[in-house]
Amino acid sequence: MAPHVLVADDDAWILRMVATVLEKRGYSVETAVDGEDALHRALARTPDLLITDVMMPKMDGWSLVRNLRAHEGMALLPVIFLTALSSEDDRIRGFRLGADDYVTKPFRFEELDLRVAKTLRRTQTAVQDAREHLGGSGLRGDLSQVGLSSLLILIEMERKTGLLQLRAPNGPSAQVLVRDGKVVHARLDEAEEPVDAECIYYLLTWGAGEFEFVMCLVEGSDRVNVSTTHLLMEGARIMDESREPAANQPVAKIPPLPEPPTGDAL
């Protein structure tokens, strides 16, 4: 069956051209004229790939992706942002929301065609490989290749129980305990704070490092008490707000942490 692609853009000409190019390549294409339209269409029929503009009426691309990530069936939906915004902050914001690629307008339709094919291949391979590894006793890899958000989603989907260890390049390390796929405790190895949900929000900013997941018995109470989807959406919201000036911001009560490591993935 041909991959089903949902394209969201308020520019009718772009919608028509993108649909024409992808349909000629054999894809099944559905179009939406704004974010709300795209959300309703995606919930009615789950796409294999979302191509979305950022600046749209009713609901922008950022909000569209956040809403879709809240649904378990689309937590790993590959996303390509198609937008006139081209600043580095916008690009980083897109990747932190889980975007697989970022195409700036104006663009060549041949380039978009290649990126669509590459994204679909890469996503299918990455998910399949991760699931195969999780089916064994453990998993290890590079955070610049498989981000923490994707790891937590896969662990939740597979309902795994064990210890996820993270180590930044020449930096801090952390431990995340999961039970039946749900994060129950998280902490840094050499700092008392942040812990639990706040620790996950900090770890989501890491763009590079190593991870290792080992299946083991996890005892004790759930100190996080929220779903993985909530953690990821709240983490994305906090990262967005951190780049905006905050009025009357309270004094932090926790010691300063090392700067998050950076990686080529961003």
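The values are calculated or read from the model by the stated rules, or taken from the named source; none is laboratory data. Since we're looking at a predicted model, the values are computed, not measured. Ideal geometry is used to build each Cβ from the backbone, glycine not excepted, and the neighbour counts take in all protein chains shown.
So the values come out like this:
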| quantity | calculated |
| --- | --- |
| Filter result (under 21 Å from VAL218 (Cβ atoms), buried (at least 17 other Cβ atoms within 10 Å of the Cβ) and not polar (S, T, N, Q)) within region 142-162 | LEU148, LEU151, LEU152, ILE153, LEU154, ILE155, GLU156, MET157, LYS160, GLY162 |
| Residue in region 222-238 that is nearest to GLN175 (Cα to Cα), counting only those that are part of a loop (DSSP other than H, G, I, E, B) and hydrophobic (A, V, I, L, M, F, W, C) | VAL224 |
| Every residue from region 42-56 that is surrounded by fewer than 17 Cβ atoms within 10 Å (Cβ to Cβ) and in contact with a strand residue (DSSP E or B) (Cβ under 9 Å, 6 or more places away or on another chain) | ARG45, THR46, MET55 |
| Failed criterion for LEU166 (all others in (1) over 19 Å from the mean Cα position of the chain (by Cα); (2) of a type in the set (A, V, I, L, M, F, W, C); (3) surrounded by 21 or more Cβ atoms within 10 Å (Cβ to Cβ) hold) | (1) |
| Which numbered condition PRO57 fails, given (1) modelled with pLDDT of 85 or more; (2) under 16 Å from the mean Cα position of the chain (by Cα) | (2) |
| Residues within region 209-264 that are touching a helix residue (DSSP H, G or I) at 6+ places or on another chain (Cβ under 7 Å) and modelled with pLDDT under 65, tallied | 3 |
| Every residue from region 24-68 that is more than 20 Å from THR83 (Cα to Cα) and either hydroxyl-bearing (Ser, Thr, Tyr) or assigned to a helix (DSSP H, G or I) (or both) | LYS24, TYR27, SER28, HIS40, ARG41, LEU43, ALA44, THR46 |
| Strands (runs of 3 or more DSSP E) fully within region 157-221 counting 3 or more residues that are over 17 Å from GLY141 (Cβ atoms) | 182-188 |
| Pick from region 133-151, criterion assigned to a helix (DSSP H, G or I) and at pLDDT below 60, ranking: farthest from LEU177 (Cα to Cα) | HIS133 |
